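Please treat every number below as a calculation from the coordinates, not as lab data. Computed from a predicted structure; not experimentally measured. Cβ sites come from the backbone with ideal geometry, for glycine too, and all protein chains shown count toward neighbours.
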Amino acid sequence: MSCLFIQIQCRPGTTYKVAEAIALKEIHSELYSTSGQYDLLMKLYVPEGQDVGKYINGHLLDIDGIERTYTTQTYKAF
């Protein structure tokens, strides 16, 4: 499994709706509200053999209210 951290910028006034939609999809390991340029921080694991880009597009980016994301892929835990 690949571990990803995705920062999510939401359209103004939609952060709670976006967070609820993510929670209902049950794709995340952890989901946080954050301050700064992005509104949410999500940790998720992409199943082995799945294309990361297609997985994100198919499971996350169809949620109304998401304007921009920034994805960081991890490789090794210390």
Every pair of residues 6+ apart whose Cβ atoms lie under 9 Å, when the first sits in the range 4-23 and is aromatic (Phe, Trp, Tyr) while the second is in a helix (DSSP H, G or I) and surrounded by 20 or more Cβ atoms within 10 Å (Cβ to Cβ): none
Cβ-Cβ under 8 Å pairs, at least 6 apart or on other chains, the range 50-78 side in contact (Cβ under 8 Å) with a residue 12 or more places away in the chain, far side among the aromatic types (Phe, Trp, Tyr) and not in a loop (DSSP other than H, G, I, E, B): Thr71/Phe5; Thr72/Phe5; Thr74/Phe5
